[in-house]
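Chemist: For reference, the structure I am asking about is given below.
Just so it is clear, none of the values below were taken in a lab; they were calculated from the coordinates. Every value quoted in this text rests on a predicted model; they were computed, and no experiment measured them. Cβ coordinates were reconstructed from backbone atoms using ideal geometry, including for glycine residues, and neighbour counts include every protein chain displayed.
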Amino acid sequence: MSTRLPVKDKSGGKASIKITRFKPAIRHTDPHRHNGYLEMIFLTAGAGVHVIDGRRYAVGPPVLFVVRKDQVHCWELSTPGEGYVLIIRREFVEGLTDGRLRSLIASVSAYSCVPLTGNASVDRLWTVLLDETDGAPEIVETVLTALLAKMMSLAGPAVKPIRESGGLYEQYLHLLENGHAMKRTVEHYASLLHTTPQNLNNACRKAADRAAAGVLGDFLMGEAKRLLLYTSGTVAEISFSLDFKDPSHFIKYFKRATGLTPQAFRKMPDFFQIDHQG
């Protein structure tokens, strides 16, 4: 039996940026990866659940969902969604001359679900961007900068995935997902959770059939790839932000996990090709 996940490409081939309206016909989709791009989905209507990397987020418009290139997602909508879908390829980010826009894209890409406290002006900016996508690059960049800045100014509290319970495993994920300074030891997070590493490990194995160190490692590698892809930080800067004391240790760690050095991962021509293995 094949374990390959379907790979979908909605970017229009070589288009470095594309915006469309969210298709109201979308209700239930099978888990799939996208063919190498960052996707932002802004919903003004709809209800149900959006599953990203196995984590379930309630659809509560107005809301922005972000699906990074290495993530798997699917929809379980009970009422049709309305809104917009923005697709950004690496070439667009690389060609930016506006440092603020690059920083905004990097900031937004750190989240999976961003609830907004209002959407009237945001909706107008999405409409303008839809009209100007094929226009002059400087206009596209200006409108996108205004749009992302406005959405971040209206962002509500960070949203946790829908959990089955508030157990130790869920609390561990919450610490990893919500902006705490990255640390590379299970002992650090166990201390924050007022438990022992053994208890945290047992909770992770019971809930996810993974050791606590494995859960931490997955999150760390996801952050490393995101920072390499969506920021201009040097390998040394990224390594320090991920609690590596020596960049050479980060390089070895990354290569052991991916088969590539961070520099090669960032520069390879087929950087955006998705690993089809499920």
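Chemist: Answer rounded, prolate or oblate for segment 168-267, using the Cα gyration tensor with square roots of eigenvalues a ≥ b ≥ c: rounded when a/c is under 1.5, else prolate when a/b is larger than b/c, else oblate.
Modeler: Working: a/c = 2.25, a/b = 1.96, b/c = 1.15.
Cα axes put segment 168-267 in the prolate bin.
Chemist: Follow-up. Below 8 Å between Cα atoms, with a sequence gap of 6+, how large is the relative contact order for segment 204-265 in percent?
Modeler: Numbers: 35 pairs, mean separation 11.5, N = 62.
In percent, rounded to a whole number, it is 19.
Chemist: Among the listed pairs Lys18/Lys255; Lys206/Lys245; Lys225/Lys267; Lys183/Lys245; Lys150/Lys267, which have their C-alpha atoms separated by more than 21 angstrom in this model?
Modeler: Numbers: Lys18/Lys255 32 Å; Lys206/Lys245 32 Å; Lys225/Lys267 12 Å; Lys183/Lys245 11 Å; Lys150/Lys267 32 Å.
Too far apart for the 21 Å limit: Lys18/Lys255; Lys206/Lys245; Lys150/Lys267.
Chemist: For the chain, what's the relative contact order in percent, using C-alpha pairs closer than 8 Å and at least 6 residues apart? Show your work: numbers first, answer last.
Modeler: Working: 437 pairs, mean separation 51.7, N = 278.
With pairs under 8 Å counted, the relative contact order is 19 percent.
Chemist: Set the Förster distance to 22 Å, then compute FRET efficiency between Ile139 and Ser107 from the Cβ-Cβ distance, nearest 0.05. Spell out each step's value before the answer.
Modeler: Numbers: r = 22 Å, r/R0 = 1.00.
The value I calculate is 0.50.
Chemist: Out of the GluC sites (Glu not before Pro) in segment 64-165, which ones are loop residues according to DSSP with at most 15 other C-beta atoms within 10 Å?
Modeler: Details: sites: Glu76, Glu82, Glu91, Glu94, Glu132, Glu138, Glu141, Glu164; in loops: Glu164.
Here the sparse-neighbourhood loop sites are Glu164.
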